[in-house]
Amino acid sequence: MRFFFTLILIIFPLLLLSHDKDIDEIIKKYILKHPEILIQSLKNYSDDIAIKNESEIKYNIVEHQKELFDNNSNMFIGEKNADIVVVEFFDYNCSYCLKAHIKINELLKKKSNFKVILKHLPILSESSEKLARLGIALSSLNKKDFLEFHEFALKNAYSLKEPILNKYFERKKIDYEELKEISNNNEITKLLNKDIILAKKLNINGTPAFVINGEVLTGWIGKSSFSELIDQQ
């Protein structure tokens, strides 16, 4: 909006002085002679949109705190009743999610008073959704089994074809066929869709993404920066 007001304020005096009826041509000539006006106006417009989006995201974080910081789910790493809580949206096929996971585990060994709540955002491949469903199903049955699978899936996602998954669950003495059936039921679908919808409300379209200190950070920012943000809470 500021772009149009700026342009009108600049062009209007020229229009008053001109007898030329072709207003579009006057504006075009002026912009061609002064492109910096257009560039600055577009920058202002972009800044306005960014501020508006940031404000909406902060509002949505507050509005959806219950869904974000649900303490009844087994989908988390760290201490259940930790004072400091971070939410991570991830995809099992995301290499940066694995990198983040490794560094977060290192921090958890040093800082016991925080936890990371895990939210699924399977956007990278068809197998991402399949693994997400299996993870959610396991978390509803046994947290220990879920955490072991979570670690395994993040480290091996690209190679997790049916034979490997079969061997993994056979080794863990988990009925894979039964687990698959559970993972595709309506309740698991609702839980998965809940995470996906929540990500959209927070304008998250990439992984990993973290909700921390009332803000959304997309991408892995590094162990030291992540640790500093935790200390600020």
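Rule-based calculations on the coordinates, nothing more; no lab input. This is a predicted model, so every value here is computed, not measured. Heads up, the Cβs are rebuilt from the backbone with ideal geometry, glycines too, and the neighbour counts pull from every protein chain shown.
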Using 0.36 nm per residue of separation minus the Cα-Cα distance, give me the extension gain between S73 and I164 in nm, one decimal. 30.0 nm
So what are the three principal axis dimensions of the range 71-163 from its Cα atoms, in whole Å, longest to shortest? 38, 27, 21
Förster-model FRET efficiency, 41 Å R0, S125 and K66, C-beta, rounded to 0.05: 0.85
Computed on Cα atoms, Rg of the range 67-231 relative to 2.2 N^0.38 Å comes out at 0.99
Using only alpha carbons, build the gyration tensor for the range 55-120 and give me the equivalent ellipsoid semi-axes, biggest first, whole Å. 20, 16, 11
